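Everything below concerns the one structure shown next.
The values are calculated or read from the model by the stated rules, or taken from the named source; none is laboratory data. Being a predicted model, the structure only gives us computed values, none of them experimental. Cβ: placed from backbone, ideal geometry, glycine included. Neighbour counts: every protein chain shown. For accessibility, only protein heavy atoms count, side chains too; no ligands or nucleic acids. Shrake-Rupley method; radii C 1.70, N 1.55, O 1.52, S 1.80 Å.
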Amino acid sequence: MTEQPHQPDRPDRPDQPDLRIAIIGFGLRASLARYAHRPGEGSRVTVVCDPAERGRADAAERIEGVRLVDGLDELLAPDVRADIDAVLVLTPDHAHAEHAVRTLEAGIPTFVEKPLATSVADADAVLEAAHRTGTRLYVGHNMRHMPVVRAMRDVIEAGTIGEVKAVWCRHFVSAGGDYYFKDWHADRRNTTGLLLQKGAHDIDVIHWLAGAYTRRVSAVGALAVYGDVTDHRDNSDRRMADWYSLDNWPPTEQRELNPVVDIEDISMANLVLEGGVLASYQQCHFTPDYWRNYTVIGTRGRLENFGDGPGALVKVWTRRTDTYRDDADEVIEIPTADTTGHGGADPLLIAEFVRFARDGGPTMTSPVAAREAVAAGASATTSLRTGGGAVDVPALDPALVAWFEGGQA
């Protein structure tokens, strides 16, 4: 796994016009528009495409003067296309590949929200389209910009804990019932499963911290709680903000779940990475708390995060003891100053995409890594649903790997 060095975003250049950005899908991740629409500061949103009247109305309310269209054909028509320099694909996961391939084929530098796709074939099709057309592709794995992840990565890169041999991740998701079981997410036709849809984010971080991709995986899981809830409703007329509440507790008393609920609400995967690094990922959608806990073990020590947002701690142990020692050898506190967009990750993500779409160059995120996260999540889901046996993760075409790792030049 080859990582390109990170290049800081360039400062605003007053002699350069704003990058004109189109947004496809103004729904759950429309919050990214606030960082993309900064007229006079380097980028502005000129077009929003959404088939839903509510999406278009929300865009009109939030973005003054934006042009609204209801389909991709209209967005790619010459008169609209002429006002677009780059695009954010923020549609539901199962539509990512279709929309990204079309915008790439139209020669538009394209940001695809994570996960890249819901199948290995679709993820590969997106990468192939970028390669075939020579169009810049960026995947929005914002966790690579999260301060707590960056802090762990910095410790590893400094060699403090030696050579990484194991990565463990536990993901507690108190909001699982509201986030994933009341709309399209609950139907495996749209997500494949939460080991991919939700897990791809953490699997990408596991890969990044380990410096290696998954080559074999086995998993178990179950629909342990939400499958027993009998109260269902077609929520296509609503959005998550309409039903989300801390009062939706305990999980067994959730109401108005999606008519189809056939994804697992608890799952566990064991991963064998390149070079023999071992990893595990556990995910539960009916916990009372919501955070991720990573442990990384190397040949000279280990690290662990406590909390994953502003104010979190990363503790590092590098001296031997024969009992638990709370006073770690190094403690890194995550600043509390920036609490916007995933602890400050989202504005950094969009700033990097704007720079990349305009100028190219290395990025913190990686389309190859995004594809490998999808491939590991999809393979883990296959294992989970076929008895838990080991499943090999399909390799990506080496020509595509070389092209992307060469900077898409």
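Here are some notes:
- Residue 149 β-branched (Val, Ile, Thr), in contact with a His (Cβ under 7 Å, 6 or more places away or on another chain) and crowded, with 19+ Cβ neighbours inside 10 Å: no
- The residues of region 144-168 that are farther than 16 Å from residue 366 by Cβ and either touching a Phe, Trp or Tyr at 6+ places or on another chain (Cβ under 9 Å) or in a strand (DSSP E or B) (or both), listed by number, are 148, 152, 161, 164, 165, 166, 167, 168.
- Residues in region 310-329 that are of a type in the set (Asp, Glu), open to solvent by 60 Å² or more (accessible area, probe 1.4 Å) and at pLDDT 95 or above: there are none.
Per-residue answers, yes or no, for (1) closer than 25 Å to residue 378 by Cα; (2) charged (D, E, K, R); (3) surrounded by fewer than 17 Cβ atoms within 10 Å (Cβ to Cβ):
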{"position": "235", "(1), (2), (3)": "no, no, no"}
{"position": "242", "(1), (2), (3)": "no, yes, yes"}
{"position": "254", "(1), (2), (3)": "no, no, no"}
{"position": "261", "(1), (2), (3)": "yes, no, no"}
{"position": "268", "(1), (2), (3)": "yes, no, no"}
{"position": "272", "(1), (2), (3)": "yes, no, no"}
{"position": "278", "(1), (2), (3)": "yes, no, yes"}
{"position": "287", "(1), (2), (3)": "yes, no, no"}
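- Any chance residue 307 is at pLDDT below 95 and open to solvent by less than 70 Å² (accessible area, probe 1.4 Å): no
- Scanning region 217-233 for residues that are small (Gly, Ala, Ser) and free of Cβ contacts under 8 Å to residues at least 60 places away in the same chain gives 222, 227.
- Within region 356-363, not a single residue is open to solvent by 50 Å² or more (accessible area, probe 1.4 Å), modelled with pLDDT of 95 or more and among the aromatic types (Phe, Trp, Tyr).
- Region 343-373, residues that are assigned to a loop (DSSP other than H, G, I, E, B) and over 30 Å from residue 217 (Cα atoms): 360, 361
- Complete set of residues in region 117-131 that are part of a helix (DSSP H, G or I) and touching a residue at least 12 places away in the same chain (Cβ under 8 Å): 120, 122, 123, 124, 125, 126, 127, 128, 129, 130, 131
- Being out of contact with any Gly (no Cβ under 8 Å at 6 or more places or on another chain), surrounded by fewer than 23 Cβ atoms within 10 Å (Cβ to Cβ) and closer than 24 Å to residue 192 by Cβ is true of residue 125.
- When every residue of region 383-406 is checked against the conditions, at least one turns out to be buried (at least 20 other Cβ atoms within 10 Å of the Cβ), of a type outside the set (A, V, I, L, M, F, W, C) and farther than 21 Å from residue 144 by Cα.
- Qualifying positions in region 61-119 - open to solvent by 60 Å² or more (accessible area, probe 1.4 Å) and under 20 Å from residue 358 (Cβ atoms): 81, 82
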